[in-house]
Amino acid sequence: DGPSIAVVGVTGAVGQEFLSVLSDRDFPYRSIRMLASKRSAGKQLTFEDKDYVIEELKHDSFNGIDIALFSAGGSISKEFGPAAVDSGSIVIDNSSAFRMEEKVPLVIPEVNPDAMSHIKLRSGKGALIANPNCSTIICLMAATPLHRHSKVLRMVVSTYQAASGAGAAAMEELELQTREVLEGKQPTCNIFKQQYAFNLFSHNAPVLSNGYNEEEMKLVKETRKIWNDNNVKVTATCIRVPVMRAHAESVNLQFEKPLDEDMARDILKKAAGVVVIDDRSSNHFPTPLEVSNKDDVAVGRIRRDLSQDGNHGLDIFVCGDQIRKGAALNAIQIAELLL
Ligand code: 2RA
């Protein structure tokens with residue numbers, strides 16, 4: 001029968017989405033252990049008509065666990081991930097803690113499943129698999145099918161990232177600020193220290209000495225690892241926008257060989273996990289609201305990049321649910337590859 005699972009960070013936005021996705025996809029688990037911080041330990045939750053008591057995350061929480069889904073921040077993953085691996089669990093980690101470790105596969109199941117083919121369930125040996133950053137997943141779900149057809153030499157990404165990427169508290173604060181502003185009150189700014197409602201700002205991740213922030217460098221580095229191509233040129237500008245739970249991304253691609261827009265549209269229509277919304281006559285293109293709570297990434301505004309020769313360049317616009325495909329769904333699809 002199915003694997004025993006542990007969910008680490010079960011009370012968070014992604015932790016809750018792990019449960020939704022496990023249920024939606026009828027994942028064949030044998031048992032589930034709900035783990036969270038001391039603060040949440042003891043609380044009850046009902047999942048699939050069964051009552052669970054949330055347990056405090058400990059180093060020995062993983063005895064008998066086949067798959068441990070982590071989404072509780074990088075420091076928790078760093079502290080408890082190795083203990084889970086030592087217990088023989090396969091850890092699927094949504095944090096950035098291990099993504100760039102050479103031996104840790106960084107996997108989007110529709111893109112590079114082979115990267116984890118050496119990892120087997122119940123082999124007695126634990127393992128670590130990293131879930132890519134949400135903006136990377138959403139971008140590469142659209143860019144990779146094209147890259148497979150005609151090698152991408154350069155990718156320029158501008159992201160419009162939802163509040164959910166900063167957690168459930170940020171979503172709550174966006175709603176609160178919106179109400180406060182409409183009522184003429186001073187907005188409550190605890191999470192981002194600046195007004196978010198009716199505003200947008202450079203992503204809240206720390207800015208590095210090269211002037212890029214950590215979110216932008218994740219896109220650069222993770223793309224190279226996932227495509228196994230250290231020469232692809234990637235640059236990114238990540239912006240936080242007042243949208244609840246789906247990211248939007250403008251992506252410009254330069255190809256080695258020509259790839260015209262009709263061919264690109266055809267490739268994307270056939271791509272797993274992608275839906276094309278590209279209706280110029282009615283100006284209907286992907287929107288965050290239209291992809292929220294859905295599995296597929298939506299692509300539109302597919303057009304030849306007029307600034308490049310011939311058909312060597314394309315511009316596209318991508319939207320994807322940050323909590324679902326950007327985190328929880330991708331992790332569960334990785335778990336499904338282990339079955
Ligand atoms: C963000 N990518 O959107 C981060 C969350 N993982 O802020």
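Of note:
- Summed over the range 187-220, the residues that are modelled with pLDDT under 95 and surrounded by fewer than 17 Cβ atoms within 10 Å (Cβ to Cβ) give a count of 2.
- Residue match in the range 144-156 (condition: touching a residue at least 60 places away in the same chain (Cβ under 8 Å), open to solvent by 50 Å² or more (accessible area, probe 1.4 Å), among the aliphatic types (A, V, I, L, M) and within 25 Å of K257 (Cα to Cα)): yes
- The range 178-233: number of residues that are more than 16 Å from the ligand (Cβ to nearest atom) and either β-branched (V, I, T) or over 28 Å from V251 (Cβ atoms) (or both): 15
- When P105 is tested against (1) within 15 Å of the ligand (Cβ to nearest atom); (2) over 30 Å from L200 (Cβ atoms), only condition (1) is not met.
- Of the residues Q308, Q333, the single one that is more than 29 Å from S202 (Cβ to Cβ) and either in contact with a Ser or Thr (Cβ under 9 Å, 6 or more places away or on another chain) or away from the ligand (no atom under 16 Å from the Cβ) (or both) is Q333.
- On inspection, Q161 fails the criterion of being open to solvent by less than 40 Å² (accessible area, probe 1.4 Å) and away from the ligand (no atom under 16 Å from the Cβ).
- Residues in the range 164-178 that are assigned to a loop (DSSP other than H, G, I, E, B) and either under 30 Å from L314 (Cα atoms) or open to solvent by 40 Å² or more (accessible area, probe 1.4 Å) (or both): 0 in all.
- Out of A272, A248, A264, sole residue that is modelled with pLDDT of 95 or more, of a type in the set (A, V, I, L, M), within 30 Å of M171 (Cβ to Cβ) and not in a loop (DSSP other than H, G, I, E, B): A248
- Which listed residue is in contact (Cβ under 8 Å) with a residue 40 or more places away in the chain, buried (at least 17 other Cβ atoms within 10 Å of the Cβ) and not hydroxyl-bearing (S, T, Y), from V85, V91: V85
- Residue that is farthest from N228 (Cα to Cα) [pool: residues in the range 90-133 that are more than 22 Å from the chain's Cα centre (by Cα) and of a type in the set (G, A, S)]: G124
The values are calculated or read from the model by the stated rules, or taken from the named source; none is laboratory data. Note that the coordinates shown come from a computational prediction; the quantities given were computed from them, not determined experimentally. Counting neighbours? That spans all protein chains shown, and the Cβs are built from the backbone with ideal geometry, glycine included. Keep in mind that these areas ignore ligands, DNA and RNA; they rest on the heavy atoms of the full protein, side chains included. Shrake-Rupley method; radii C 1.70, N 1.55, O 1.52, S 1.80 Å.
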